[in-house]
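The values are calculated or read from the model by the stated rules, or taken from the named source; none is laboratory data. This is a predicted model, so every value here is computed, not measured. Quick reminder, even Gly has a Cβ in these numbers, built from the backbone with ideal geometry, and neighbours come from all protein chains shown.
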Amino acid sequence: MNISAEQLTQSLRWRYATKKFDSSRQIPTETWDAIENSLVLTPSSFGLQPWRFIVVDDVGIRANLAKESWHQPQVTEASHFVVLTARKDLEEADIDAWIARMCEVQGSSPADVAPLEGMIRGFAQAMSHEARQQWNIRQVYIALGQLMTSAALLGVDACPLEGISAAGYDQILGLEGTGYATVVACALGYRSADDRYASMAKARFDRTQVIHHL
């Protein structure tokens, strides 16, 4: 099941923030299912998964989101468009739901996971509301990284979008009152043959500048 080191490096060198998608090409259902599974399998601190991923299929909604994205064409041209949202807080109910799910999947009893549950509750209670929200947002970026890497390994192009109005997205997507808020979005599909950015050399600092061994 493992890929080679060379395959991994080639996939990561191949990927880039796609500026122009081929709107005539759609991601096959089987491939998209794998990409969604990669989001489900994203790791998070304590396993809490303080997020919700919204796959926007509706053409009209995507057109409205483009207006809140500086009219970036990726929003409407890409095969798929995902909005990554984070919980606005980390409440007792969130922890209860996760503990119940963990017990269900792992066949554990509440007593078995009581030490972990106490640790999570203590961690959450020690932070302010704002700190908990920011912690959740940082978790979402782990999911974004997993999403883009998984797409690259499957030969699917992606472009993360932070140049968006999060408040505008929240309104269009009906997130008010849900406890979730937009963090970042990602367009996925296949690059256009005339996207000049595809052939540009990937500019990165030398490995010795960014990786230090102690």
Matching residues in the range 62-76 - criterion: being in a helix (DSSP H, G or I), more than 18 Å from the chain's Cα centre (by Cα), crowded, with 17+ Cβ neighbours inside 10 Å and not polar (S, T, N, Q): 66
Residues located in the range 135-148, provided they are of a type in the set (S, T, N, Q) and either in contact with a strand residue (DSSP E or B) (Cβ under 9 Å, 6 or more places away or on another chain) or buried (at least 19 other Cβ atoms within 10 Å of the Cβ) (or both): 136, 139
Scope the range 1-23; condition β-branched (Val, Ile, Thr) and either within 17 Å of residue 199 (Cβ to Cβ) or not in a helix (DSSP H, G or I) (or both); matching residues: 3, 18
Residue within the range 104-119 that is more than 18 Å from residue 17 (Cα to Cα) and in contact with a Pro (Cβ under 7 Å, 6 or more places away or on another chain) present: no
Close pairs from the range 100-112: first more than 15 Å from residue 48 (Cα to Cα), partner among the charged types (D, E, K, R), Cβ under 8 Å, at least 6 apart: 110/117
Filter result for the condition that a residue is at pLDDT 95 or above, touching a helix residue (DSSP H, G or I) at 6+ places or on another chain (Cβ under 8 Å) and surrounded by 11 or more Cβ atoms within 10 Å (Cβ to Cβ), over 35, 54: 35
Filter result for residue 197 (surrounded by fewer than 14 Cβ atoms within 10 Å (Cβ to Cβ), in contact (Cβ under 8 Å) with a residue 12 or more places away in the chain and either part of a strand (DSSP E or B) or of a type outside the set (A, V, I, L, M, F, W, C) (or both)): yes
Residues that are out of contact with any helix residue (DSSP H, G or I) (no Cβ under 8 Å at 6 or more places or on another chain) and either of a type in the set (S, T, N, Q) or buried (at least 20 other Cβ atoms within 10 Å of the Cβ) (or both), drawn from the range 149-166: 165
Subset tally (residues that are farther than 22 Å from residue 177 by Cα and within 16 Å of the chain's Cα centre (by Cα)) for the range 79-101: 2
